[in-house]
Amino acid sequence: MYSRFFALLWILICFSLPAGCRQEKNVPVIRGDLTGKIVWSGLVQIAGDVILADGSSLVIQPGTRIQFLPSESDSNTFVEHPYFPASELIVRGRLLAIGTAEQPIVFESADPMSGPGAWGAINVEGSPEAVFEYCHFLQADSAVHSRDSQVYIEQSLFEDNQVGIRFHSSQILIENNLLRNNQTGIRFHFDAPVICNNRFETNGINLFITSYPKDYRIENNQFGKPREYQVVLGEEVPDDVHMANNYWDGLNADQVHAQIYDGQRSEYLGRVIVEPMMTSPPRHNGFTWTQ
């Protein structure tokens, strides 16, 4: 009787713990450096800083769930910016994370109750190619963080992150994605991105441009009402930023400008030029699958 009682008590204790405090049985836990040609499928857990080496490749198959465990004291080598103190995947090689509408790839905390910032980032640095299609990102500090890389992000969902997509000095295409309920949807500087046909919903800030954008293309997006600002210009954006041909959920120009932090609020900044504006939502914007 007593043995059955204690067995039941142990089960109750285990299942009362947050998922992040439990390591799933028979699930590979990835640590340290990755080299060669690697394929992930099923459920994979990441502990600390995992580095995909330069010259190596990682293919993540449709339906894979990547869960980030709480950092271990001896496994978090990089904690200073541009890295993060939580567990993260640092990509210096080639990464192909291509899911399908029926089987998206999920990047999340191992603890489903964790809020934004529970894990660090997919930190892409100096990568010749990083592709994310049909992916779902939750609970990250900066879900995709790119530096000096070539990155493609399409048909993906970013929600409940501190920052959905963050980048600088990269060739980056961001197209047909949904960014919702993040503290900031997209944040970037020193870059020439293509940001088209995306949908922004209930983010704190939809778009934050921190310094010196150039040769960018930001159009055919649908900007929903933010909790704070549609667009924020950082202190190193002295020139106007042109964002014509976007849809602002039926607002007129004055209403949109009231939700923008730019030269109208600080004389040192440029202005965000939103006209001409689209009068109806883009025919194709956001992703085409449901989650």
| message | Quick check on the stretch 177-200. Is at least one of its residues assigned to a strand (DSSP E or B) and acidic (Asp, Glu)? | response | no
| note | Counting only residues that are surrounded by fewer than 18 Cβ atoms within 10 Å (Cβ to Cβ) and closer than 16 Å to Val44 by Cβ, the stretch 113-134 contains a total of 0
| task | Check off (1) surrounded by fewer than 24 Cβ atoms within 10 Å (Cβ to Cβ); (2) touching a Ser or Thr at 6+ places or on another chain (Cβ under 6 Å); (3) among the charged types (D, E, K, R) for Lys214 and give me the number that stays unchecked. | result | (2)
| note | Note on Ala192: of the conditions (1) among the aliphatic types (A, V, I, L, M); (2) more than 16 Å from Gly234 (Cβ to Cβ); (3) at pLDDT 95 or above, unmet is (3)
| message | If the requirement is being out of contact with any Gly (no Cβ under 8 Å at 6 or more places or on another chain) and surrounded by 21 or more Cβ atoms within 10 Å (Cβ to Cβ), which of these qualifies: Asn246, Asn198? | response | Asn246
| said: Every residue in the stretch 201-211 that is surrounded by 19 or more Cβ atoms within 10 Å (Cβ to Cβ) and assigned to a loop (DSSP other than H, G, I, E, B), please. | reply: Asn203
| Quick one: is Glu108 of a type outside the set (Lys, Arg), in the same structural domain as Asp54 (by TED's automatic domain parsing) and surrounded by fewer than 19 Cβ atoms within 10 Å (Cβ to Cβ)? | no
| said: Criterion first (in contact (Cβ under 8 Å) with a residue 40 or more places away in the chain, within 21 Å of Ile165 (Cα to Cα) and either part of a strand (DSSP E or B) or in contact with a helix residue (DSSP H, G or I) (Cβ under 9 Å, 6 or more places away or on another chain) (or both)) does Gly286 satisfy it? | reply: no
| note | Checked the stretch 121-135 for anything closer than 22 Å to Ile205 by Cα, assigned to a strand (DSSP E or B) and touching an Asp or Glu at 6+ places or on another chain (Cβ under 8 Å); matches are Ile122, Asn123
| query | Conditions: (1) at pLDDT 95 or above; (2) more than 22 Å from Phe188 (Cα to Cα). Thr77 meets all but one. Number of the miss? | reply | (1)
| said: Looking only at the stretch 80-138, filter to residues that are out of contact with any Pro (no Cβ under 9 Å at 6 or more places or on another chain) and of a type in the set (Val, Ile, Thr); which one of those is nearest to Phe158 (Cα to Cα)? | reply: Val106
| task | Give the residues of the stretch 249-283 that are over 13 Å from Val237 (Cα atoms) and either among the acidic types (Asp, Glu) or in contact (Cβ under 8 Å) with a residue 40 or more places away in the chain (or both), sorted by residue number. | result | Asp249, Asp254, Glu275, Met278, Pro281, Pro282
| note | Taking the stretch 133-181 and keeping only residues that are among the polar types (S, T, N, Q) and under 19 Å from Ser87 (Cβ atoms), one is left with Gln139, Ser142, Ser146, Asn161, Gln162
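The values are calculated or read from the model by the stated rules, or taken from the named source; none is laboratory data. Everything quoted here is computed from the prediction, not taken from an experiment. Here Cβ is always computed from backbone atoms with ideal geometry, including for glycine, and neighbour counts include all displayed protein chains.
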